[in-house]
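Here is the structure we will look at.
Nothing in this text is a laboratory measurement; each read-out follows from the coordinates by a stated rule. The structure presented is a predicted model; accordingly, all values stated were derived computationally and were not measured. Note: ideal-geometry Cβ built from the backbone for every residue, glycine included; neighbour counts use all protein chains shown.
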């Protein structure tokens, strides 16, 4: 049986916002902004690290990044909920599109944007 | 039974990256950057809209936003996977922290940051 | 006489970084990340405001936004300097491109992206 | 004599927006969003590069990055103008604050945030 774990999270977030009378702030426009702010808090942890350092973060740093990833997930889930979008379904559908945009034989080993693939 | 639907998505993304020999590009540092770029593609759809307009998007716009949300979910899932973090668990843990940072009686009806709550 | 005021700023930023032995952190890649983080600190001030509220910020909020705009300007200037780009010249050149991408008769009164202009 | 070159740019941007009847879209809130979107277009050029690669971009890439930096400068200038802020002055004032937040003896050679400096 396929259970959508995110459903429980969505319900918690809805209750959280409702109790605080925050629905009025949570237009998709505002939530998109908040999402970008939370992502920047993830980025901040990595900005001065080398790629190698980012591959082996110490435990206390992982803990802090985990909190920021939690916030990103919360706002992403909330935004999707407000738009009637299932974010996991959206990701699975997009994976199928990406399979076509980035065919293995052309994309292998390079990081070109699909518009720059030969 | 609690099934993590994201698990299937993670496995698909891993296979997608491996087939294209993209693991070498997918350091947490680079993935955090890519995540921020994808979020900006969500934001772009909302930048000139009023809050009201963002609350009632036409169907074709929803379809385009859904694709961008799919991309955000893909990179968020991939980043979390690379760091050994479960993003749904991270969100649930963060919700508990937010409950304390934003007590209902102080946060109700306002959008102050927790550091500015009286 | 045309004097580039930014030149003085660039020189100060260079000295600031050099004294702290930070040149090694200031690759264009890292500076682009830092720029995005600073911009998010601007965005944060506006995320829950209405458009109207954002048009008439109280003085203490202007003061805080000004600091964040200062940081954005610093990183933008530093990034451009590292790439040998004059940011004011880049803006003027881009204005000329934008004049063509958004002809007055087609763009007037709407906020469509140039790729969506009829 | 100290001439603010940005002043000319500001005047051009104002005329550009006015001719297209875009002032109504250019609330500080919306401009902050647009600024974040433009910065992501800079970031996109760097997301899969190594730090070393970002230090020696080929000429055609520099050209494309320059256009994006132009857009960032345009929106930053426009946002600041809407708020009555001089962005170069804001940067110079912020440099003075940063001098204190990051004293040379504590900040030298490390990239710790000021809140994490010992």
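Tabulated results
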quantity	calculated
Some residue of the range C:81-88 being more than 9 Å from chain D (Cβ to nearest Cβ), closer than 26 Å to residue A:43 by Cα, in contact (Cβ under 8 Å) with a residue 60 or more places away in the chain and assigned to a helix (DSSP H, G or I)	yes
Flag if residue C:101 is in contact (Cβ under 8 Å) with a residue 12 or more places away in the chain, surrounded by fewer than 21 Cβ atoms within 10 Å (Cβ to Cβ) and more than 7 Å from chain D (Cβ to nearest Cβ)	yes
Odd one out for residue B:71 among (1) in contact with a helix residue (DSSP H, G or I) (Cβ under 6 Å, 6 or more places away or on another chain); (2) in a loop (DSSP other than H, G, I, E, B)	(2)
Counted residues, the range C:54-66 - those being assigned to a loop (DSSP other than H, G, I, E, B) and either within 11 Å of chain A (Cβ to nearest Cβ) or touching a helix residue (DSSP H, G or I) at 6+ places or on another chain (Cβ under 8 Å) (or both)	1
Options B:32, B:51: the member that is facing chain A (nearest Cβ under 7 Å), touching a residue at least 12 places away in the same chain (Cβ under 8 Å) and either farther than 22 Å from residue A:16 by Cβ or surrounded by fewer than 19 Cβ atoms within 10 Å (Cβ to Cβ) (or both)	B:32
